[in-house]
1. With angles folded into 0 to 90 degrees, how steeply does helix 205-228 sit against the dominant principal axis of the chain? Use alpha carbons for both and round to 10.
2. Please give every one of the aspartates and glutamates within straight-line cross-link reach of residue 19, meaning a C-alpha to C-alpha distance under 19 Å, and leave out same-chain neighbours fewer than 8 residues apart.
3. Over segment 1-158, what is the relative contact order in percent, taking alpha-carbon pairs closer than 8 angstrom and at least six residues apart?
4. What Rg and what Dmax come out for segment 208-287 when only alpha-carbon atoms are used, in angstroms?
5. Mind checking the angle between helix 135-146 and the chain's longest principal axis? C-alpha axes, 0 to 90 degrees, to the nearest 10.
6. Given Cβ point charges of +1 (Lys, Arg) and -1 (Asp, Glu) and nothing else, what value in debye, to the nearest 20, does the dipole of the chain about its Cα centre take?
7. Compute the helix-to-body angle for 150-176: its Cα long axis versus the longest principal axis of the chain, expressed 0 to 90° and rounded to tens.
8. Before anything else, pin down the relative contact order of the chain: Cα pairs under 8 Å, at least 6 apart, normalised by residue count, whole percent.
Amino acid sequence: MRKGNGEKRKDGLWTDAAKRFRKNKLAMAGLVMLAILILCALFANYIAPFHYDEQNLPAAFESPSLRHLMGTDNLGRDIFSRIIYGTRTSLSIALVAVLVATLAGGLMGAVAAFYGGVLDNVIMRFLDVFLAIPSTLLAIAIAAVLGPGVTNTVLAITIGQLPGLARIVRATVLSIKGEEYIRAARSIGAGNMRIIGLHILPNAMAPIIVQATLYVASAILSISSLSFIGLGIQPPTPEWGSMLSAGRAYIRDYWFIVAFPGLAIMATIFAFNLIGDGLRDALDPRLKN
């Protein structure tokens, strides 16, 4: 069956973007790093040599060795195992928070831009209140009110990131809602929500995907920050920020207790930033040869 012109253009855009992304060596390096992190999260039970909460007090503060690749902490727990399990914690919370923020913020931004007028002013002025506060500080304030825990951490990060995503979607929708295919859909009787869901949002996916990818890196940093100050994930659940917090008292004598969790945070954020930059370059039509 022959495809319509609109469908061909859509397929061509994503196919061309995939080719451009594969040519970006840094983006591919970030993708490989992310794939390794996902494998660690999915198969932590098989990769980690010890359970994350297995204590061995006589072996506390052991330096990195063949038995304990990254050493042990103050309770004799294997740091390498806790970092592997911490990958599952950080990635799952960050991805869920960004997904919810993207869906909610995307809907709010699309509705505000599409309908305009009073509804646009009400939604955007409401979100401007949250934008006046830095996202990390806002997440800390929400977590302090709600208390620590996985659910509250997800909620705090989601609320902190939602306004920025909503503004990006709103700007994108404003730029495309006057296109010819929107007028054509309206002329054949398509309703507003159908136009938003089937025509506007799919064509606004490129900037949303890029920004969401970069926001995952920001979410991981926020999770670590909340856990570091005791407002995020609580022990004994392994999380890189809480590992840093627990090990800071011993940093002078046992550098490895904080070095490896810090490197895990840095590597994960670096991977998502590389992927986000690669997606931006691949999906930006102004950068095509």
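The numbers here are math on the coordinates, done by the rules we state, and not lab data. Every value quoted in this text rests on a predicted model; they were computed, and no experiment measured them. Every residue, glycine as well, gets a Cβ built from its backbone with ideal geometry; the counts of neighbours run over all protein chains shown.
1. Helix 205-228 sits roughly 30 degrees off the main axis of the chain.
2. 7, 11, 277, 281, 284
3. The normalised contact order for segment 1-158 reaches 16 percent.
4. 15.7, 52
5. 70 degrees
6. Numbers: 26 positive and 17 negative charges, 267 e Å.
The dipole of the chain has a size of about 1280 debye.
7. 30 degrees
8. 26 percent
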